[in-house]
Amino acid sequence: MKKNLLAIVTISFLIVGLMITGVLAQISDDKQDEVSQIEGLMEEDFWADPSYDIKHSAAFSVGYDDNVNLTKKKKSDVFENFIYSLDYTFAINDKLDFTLDYDLDYMNYGQFTDNNNLMNHINIGLVKEISRVDLGASYDFSYYHYPHNKDGDFYFHKGKFYIRDYFAEGLYHQLSIIPGLKRHVNRKALANSITTFQDTERSDDRQTYEYTIGAVVNPKIFLKFTGSLIVNESNAEYENFYDYKAYQLAPSIYYKLSKRLQLFFNYMYRYKMFRNRTVTYDNYKQRDRLYAASFGLNFHLTKNSSLSASYAFRNNSSNDDEESYNGNVINVGYRVRF
């Protein structure tokens, strides 16, 4: 059972973010972070055959977003998204695996081309099995390039250290520590006012602490719950503008309706407390509550190809009225493995 559960967990981690990138826009400043922190809302294919070795996959999707910039005043657009993924696992010995994951992701908008972006992502890791426990360590690098918005380019270095315990039949829990550094390529850090800038580029040190518990309830149902603490510290001087602490809860349900059809539902709640930033028209500190959900289906045409359809909703409720927004996204796509 551990082998089957490990396959479910591993496959889910490989696919995290591949479809959601096509669902939520990548934009500037805080909104880039808001998008990246809800990438886990669309995972798929938890019941892939453990003996199936994923080497390459490609996906293409189209969709409609009624609030591309995640702002109070909505502006809608259509988009296309292409993703190529290469995944490789090498067993160094019976108890130690090496993993490599590379993704190339291009997002194209019809009107709001400043949001068009190309992402290169690579993850390299080691997983050590010790009895019922897995110890893992990885290095993760992403680079986002915005062809029509040079100020949007940034890269993100992340490490990850985790311990996963398969403590009962069909059950596991995991504790993870994820240090990260996000650095903008062309955007300067704020100086002592909102309109002045330092000579150095903006950067963010981010620490994430996660606890996850997952359960295969029966051959058709997989449940997962993740709780996170996120601490972000930026080099912006004005009001420590991007410094915050956030608490996040994210339950997920995956249901295998038939051999070919799988359904999923994901929800996330995040409470974000800015360290010193005050609201736009007053002097009290900004607090945001983000609610996001998605549901959809994956239909396997063959063993190596599938169709997907999804709907996603997000609502940011802030005590700064200018930062409140909501939006809806629909997305359909095709994926092939080869």
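Phi angles of the range 56-64 translate, via the Karplus equation with coefficients 6.51, -1.76, 1.60 and θ = phi - 60°, into HN-Hα couplings of 9, 8, 9, 9, 9, 9, 10, x, 10 Hz per residue; Gly and Pro are given as x. Compared with the direct C-alpha span, the chain from N326 to D66 gains 92.7 nm at full extension, assuming 0.36 nm per residue.
Check each of the GluC sites (Glu not before Pro) in the range 199-276 and keep only those in coil by DSSP with at most 16 other C-beta atoms within 10 angstrom; list them in order. Each step should come with its number before you reach the end.
On the way: sites: E201, E210, E233, E237, E239; in loops: E237.
Filter output for the range 199-276: E237.
Measuring r between the beta carbons of Y311 and Y247 and using R0 = 30 Å, the FRET efficiency lands at 0.70. For the pair L135 and Y84, label points projected 7 Å from Cα toward Cβ lie 3.7 nm apart. For K188, the amide hydrogen comes within under 5 Å of the amide hydrogens of R202, counting only partners 5 or more places away or on other chains and with H modelled in the peptide plane.
Inter-label distance, K188 to F265: 5.0 nm, where each label sits 7 Å from its Cα along the C-beta direction.
Karplus-based coupling profile of the range 248-263, in residue order and whole Hz: 9, 10, 8, x, 9, 10, 10, 10, 8, 5, 8, 4, 9, 10, 10, 10, with θ = phi - 60° in 6.51 cos²θ - 1.76 cosθ + 1.60 and x standing for Gly or Pro.
Under a 5 Å amide H cut-off, with hydrogens placed 1.01 Å from N, N69 pairs with K75 among residues at least 5 apart or on other chains. Ordered by the number of other Cβ atoms lying within 10 Å of each residue's own Cβ, fewest first, V329, V133, V279 fall into the sequence V133, V279, V329. Taking 0.36 nm per residue of separation and subtracting the current Cα-Cα distance, fully stretching the chain between I122 and A91 would add 9.3 nm.
With a ≥ b ≥ c taken as the square roots of the eigenvalues of the C-alpha gyration tensor of the range 176-247, please select rounded if a/c is under 1.5 and otherwise prolate if a/b is larger than b/c or oblate if it is not? The shape class here is prolate.
Among D282, D320, which comes first, then next, by fewest other beta-carbon atoms within 10 Å? Please list the in-between numbers first.
Working: D282 10, D320 18.
Listing D282, D320 from fewest to most nearby Cβ atoms yields D282, D320.
Just so you know, all these numbers are worked out from the coordinates, no wet-lab data involved. Given the structure is predicted, the values throughout are model-derived calculations rather than measurements. Glycine gets a Cβ as well: all are built from the backbone with ideal geometry, and neighbour counts include every protein chain shown.
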